[in-house]
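Take a look at the structure set out below.
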Amino acid sequence: MSTGRDGPRASAAGFPDDLVALQQHWTRLFNRLAASPPADGHAMRMELLRTSLRIDSHPHWAATVGGWSRTARRELQTHAAAAPGGEALLLTRYVDGRIVAVPPEQS
C-alpha cells in the first residue's frame, strides 16, 4: 500500500491505492478469462477467487461508514477502470449457445 506522511494514500474517490490495484488485477484476470478462456483455466479462476477475497476483506471496508456493499464494490470497479492502468470490465452474454465477452460500449 502506498503511504504518505499521514498514513495510507487514498485515491480521489477515497479508495486506498492498494485496493484500486487489487481491483485492476481482478478486472484484468476476469477479462482474460472472459475473452479467451484457456482449456484448463482452473489456476486463473482460483486466482480470481483469491483476489476477490482480498478485495472483500480489505481493511478499507471496515473503516468506512457503509462498509462493504455491492454498490461500494461497483463504485470501486468504476473508479479502478478510470484510474491510470485501469481497463473496462468486459460483459458476458449468452449468444447462440455459448458465452461471449463484449466491451461495455457494445452491449
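The values are calculated or read from the model by the stated rules, or taken from the named source; none is laboratory data. In this text, all values refer to a predicted model and were calculated from it rather than measured experimentally. Backbone-built Cβ (ideal geometry, glycine too); neighbour counts: all protein chains shown.
A few remarks follow.
- Residues in segment 38-61 that are under 14 Å from residue 14 (Cβ atoms) and either among the β-branched types (Val, Ile, Thr) or loosely packed, with under 13 Cβ neighbours inside 10 Å (or both): 1 in all.
- Of all residues in segment 62-107 being of a type in the set (Lys, Arg) and under 15 Å from residue 23 (Cβ atoms), the one that is surrounded by the fewest Cβ atoms within 10 Å (Cβ to Cβ): 70
- Long-range neighbours under 9 Å by Cβ, at least six apart or interchain, first residue closer than 18 Å to residue 73 by Cβ within segment 44-57, second polar (S, T, N, Q) and part of a helix (DSSP H, G or I): 51/23; 55/23
- Against the numbered list (1) in a helix (DSSP H, G or I); (2) modelled with pLDDT under 95; (3) in contact with a helix residue (DSSP H, G or I) (Cβ under 9 Å, 6 or more places away or on another chain), residue 19 comes up short only at (2).
- Segment 50-76, residues that are part of a helix (DSSP H, G or I) and touching a helix residue (DSSP H, G or I) at 6+ places or on another chain (Cβ under 6 Å): 51, 54, 55, 60, 76
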